[in-house]
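Comments concern the structure below.
All of the numbers you see were taken from the coordinates with simple rules; none came from a lab. These numbers were taken from a predicted model, which means no experiment stands behind them. Note that each Cβ is placed from the backbone with ideal geometry, even for glycine, and that neighbours are counted across all protein chains shown.
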Amino acid sequence: MAENWVRICAESDLEENWGEVALVDGYQYAIYKTKHGIYAGDHLD
């Protein structure tokens, strides 16, 4: 697990059961919110 965290958006910016994509240092990350929490991972095209 990464030791350095990067703030991408506020929790209130995320809609439940809908994903967003963020570009950080040249890498795309998928961020999504469910009733169980907020998750992020690699975004693959």
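Here are the numbers for the structure shown:
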read-out: Fewest-first sequence of Asp13, Asp45 by Cβ atoms within 10 Å of each Cβ; value: Asp45, Asp13
read-out: Selection from Tyr27, His43, Ser12 lying farthest towards where the dipole of the chain points positive, charges on Cβ; value: Ser12
read-out: Least to most buried among Leu44, Leu23, Leu14 (fewest other Cβ within 10 Å first); value: Leu44, Leu23, Leu14
read-out: Values of log10 I(q)/I(0), in the order q = 0.21, 0.27, 0.32 Å⁻¹, for the chain under a Debye, Cα-only, solvent-free model; value: -0.73, -1.12, -1.33
read-out: Charged-residue dipole, Cβ positions (Lys, Arg, Asp, Glu), the chain about Cα centre, Debye nearest 20; value: 140
read-out: Residue-wise HN-Hα coupling along region 33-45, computed from phi with Karplus coefficients 6.51, -1.76, 1.60 (Hz; x: Gly, Pro); value: 10, 10, 5, 9, x, 10, 10, 9, x, 4, 9, 10, 7
